[in-house]
Amino acid sequence: MKKFVSLLLALMMALCAVGALADVAADIEAGQALSHDELVEKAKAESGTFVVYGNTSRISTAAEEFAALYDITVESNNLKDQEIYTKLRSENGNSAADMVMIQDGAQLTDAIDEGLVLNFVPAAVADVLDEADQQPALVHQYINKLFIYNNLGDNVPAIKNVWELTAPEMKGNVIFKNPESEKVNMNFLVMCTKDEWADKLAAAYEEWKGEAIDLGEYKNAGYKWVAEFLANVTFGKSDTSIAEEVSQETASGKIGLFVLSKLRSSSVLTDNLTVAQYDASAEGYEVKPFAGFMYPMYTMINTQATRPYTGMLFIEYLMTQEGFQPWGKSIGAYSPNAAITVNEGDLTIDVWKDTLVMEDAEYILDSFEVEDFILQHCQN
C-alpha cells in the first residue's frame, strides 16, 4: 500500500510539473506580444515575493534597483552554478526561483531539454540582437577570462604564444582555477581539443618551435597542449585570489588565467599586472592562437515560476543600459546589445570573439571522454 501511495504521489507531482510548464510557457508566449507598459501592468498584478537566482554577486544590485524602480518585493540569491541547477531540479512551486541568471551552456542545454527553464526574448531588444544570442537561450552578457601576467622583475612572462606556458621554466608559475570546481574552466579546456582549435594550436606550435608538432600519444594538438599546460599549473581557490596572488610584488614571473573584471577589486594591485591581449593589441600582434576564453551568461524563466511576468520584466530591464550598469560600469562584461558600449580602453566584443575560445555546447556535451582526460591531468 505504501509503495502504491508513493507512486501515486510521484505521478501527481509529475503532472503538476507538466501543468506548471504549460502555464508558464503560455505566459511567456503572451508576454512576447506585450508592450513595456502592458508587461509592467501584468507584473504588478502578480503577488508574492519575486525570487531570483544568479551566479554573479552583482545580481543583487540589479535586483535592488529593479525593485525600487517598480515597487516590487525581490529576493535575490547569489549561488554557484551547480547549486542553481540542483535547485531547479529539486524545488517546486512557491519555493522556487522565478528567474535565473546562469552560465555553462552545456548544462543549460540539458536543463532546457528537461523542461526546467524557458527562454524569453524581450521584444524591446529582439531586433538589435544576433540570432545566436537569442536562441536557445537569451545571452545577457559575455565574460572573458584572460592571460594576465605580473609585469615586475627580469622574467616577465609576456606571452605571444600559448605554448610558452608549457615550457619547463613555467612550471608552478601558471595559476588557474581547478576545472573540476568551475565548469566554464572545464569547458574551455574541452574546447581546445575540438578540431578547429586543435588545428590552430598545431599551427601555433610550429610557429613557436619552427618545426611541425610531434603528437606522440595525443589525439591532436589540443590534447597535447591541455596536458602540458595543466602540468605547469598551480590551482587557485578563486579568480579573486588568483588575481591577488599574481599582482603581488613577490610574484615576478607568474601569470594567471582569470576573469578580467577582477582587476576592479581594491585588493588587486593592478599596476603590477598586464593583460596579454591588451599588450598584443597595442603592439600590433596577436597571442597565438588565443588570449584566453569567453563564455555567455544567460537569463531564463523557471518553469515553476509563480511570478513569470515579473521575471520577463526583469529580463527586459537587464537588457537595457540601466539594467546592465552593475556589470557594465567596469571592464570584463560585454552586452550583446550593441547599444551598450564597452568601457573606454577596453576592446569590443567582436574583437574578443575573434581572439578568445568560445563555448560550443553541443561539442562539450558530446565530450565526456575529454573531461575524463582533463581530470586525470589535473592530478599531476
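Where a number appears in this text, it was derived from the coordinates with a stated rule and is not lab data. Keep in mind that this is a model prediction, so the values were computed, not measured. Virtual Cβ from ideal backbone geometry, glycine too; neighbours counted across all protein chains shown.
What are the GluC sites (Glu not before Pro) within the stretch 163-228 that DSSP puts in a loop, where the Cβ has at most 15 other Cβ atoms within 10 Å? Working shown, then result.
On the way: sites: E164, E169, E180, E182, E196, E206, E207, E211, E217, E228; in loops: E180, E182, E211, E217.
The qualifying sites are E180, E211, E217.
Once both axes come from the Cα atoms, what is the angle between helix 36-45 and the longest principal axis of the chain, in degrees from 0 to 90, rounded to 10?
The angle comes out near 60 degrees.
Can you tell which of L146, L273, L34 shows the greatest fluctuation in a Gaussian network model of the chain with Cα springs below 10 Å?
Its mean-square fluctuation being the largest, the pick is L34.
Can you give the relative contact order of the stretch 215-283 as a percent, counting alpha carbon pairs under 8 Å and 6+ residues apart?
25 percent
Can you give me the relative contact order of the stretch 76-205 as a percent, contacts being Cα pairs under 8 Å and 6 or more apart?
15 percent
Could you run the Karplus curve 6.51 cos²θ - 1.76 cosθ + 1.60 with θ = phi - 60° over the stretch 210-223 and give me ³J(HN,Hα) per residue in whole Hz, x for Gly and Pro?
Those phi angles translate into x, 8, 5, 6, 9, 6, x, 7, 8, 5, 7, 5, x, 4 Hz.
For the pairs K237/K353; K200/K329; K224/K329, note any where the Cα-Cα span goes beyond 31 Å.
The pairs that break the limit, which is 31 Å between Cα atoms, are K200/K329; K224/K329.
Hey, what number do you get for the chain at 222 nm if only DSSP H runs of n ≥ 4 count, each worth -39500 (n - 2.57), divided across all residues, to the nearest 500?
-13500 deg cm²/dmol
Using a 10 Å cut-off around each Cβ, can you sort S247, S76, S90 from fewest to most neighbouring Cβ atoms?
S90, S76, S247
Putting +1 on Lys and Arg Cβ atoms and -1 on Asp and Glu Cβ atoms, find which of I349, G284, L165 reaches farthest to the positive end of the dipole of the chain.
So the residue furthest toward the plus end is L165.
Mind checking the angle between helix 195-209 and the chain's longest principal axis? C-alpha axes, 0 to 90 degrees, to the nearest 10.
20 degrees
What whole-number distance in Å separates the alpha-carbon centres of the stretch 321-380 and the stretch 39-111?
Cα centroid to Cα centroid, the span is 21 Å.
Can you give the longest run of the chain that contains no trypsin sites (Lys or Arg not before Pro) sitting in a DSSP loop with at most 15 other Cβ atoms inside 10 Å?
On the way: sites that count: K80, K171, K219, K237, K329.
Value returned for the longest uninterrupted segment is 238-328.
Between the stretch 239-308 and the stretch 156-199, how far is it from one alpha carbon centroid to the other, in angstrom?
14 Å
Expressed as a rounded percentage, what relative contact order does the stretch 146-246 have, with Cα pairs under 8 Å and six or more residues apart?
Relative contact order of the stretch 146-246: 37 percent.
For a quick check: sort C378, C192 by the number of other beta carbons within 10 angstrom, fewest at the front.
C378, C192
Looking at the chain as a GNM with Cα springs under 10 Å, which of D154, D104, D27 has the largest mean-square fluctuation?
With Cα springs under 10 Å in the chain, the top fluctuation among D154, D104, D27 is at D154.
Indicate, rounded to the nearest 5 percent, the antiparallel portion of the DSSP beta bridges found entirely in the chain.
If I count the DSSP bridges inside the chain, around 60 percent turn out antiparallel.
Would you pull out the residues with amide H under 5 Å of L273's amide H, same chain only if 5 or more places away, H placed 1.01 Å from N?
N151
Which whole-Hz couplings ³J(HN,Hα) result when phi for each residue of the stretch 295-306 is put into the Karplus expression 6.51 cos²θ - 1.76 cosθ + 1.60, θ = phi - 60°, listed in order with x for Gly and Pro?
9, x, 10, 10, 10, 9, 9, 6, 5, 9, 4, 9
Out of the stretch 242-341, which GluC sites (Glu not before Pro) are coil in DSSP terms and have no more than 11 other C-beta atoms within 10 Å?
Answer in residue order: E249.
Per residue and in Å³, how big is the convex hull formed by the alpha-carbon atoms of the stretch 182-284? Could the numbers behind the result be given before it?
Details: hull volume 14.2 nm³, N = 103.
About 138 Å³ per residue, rounded to a whole number.
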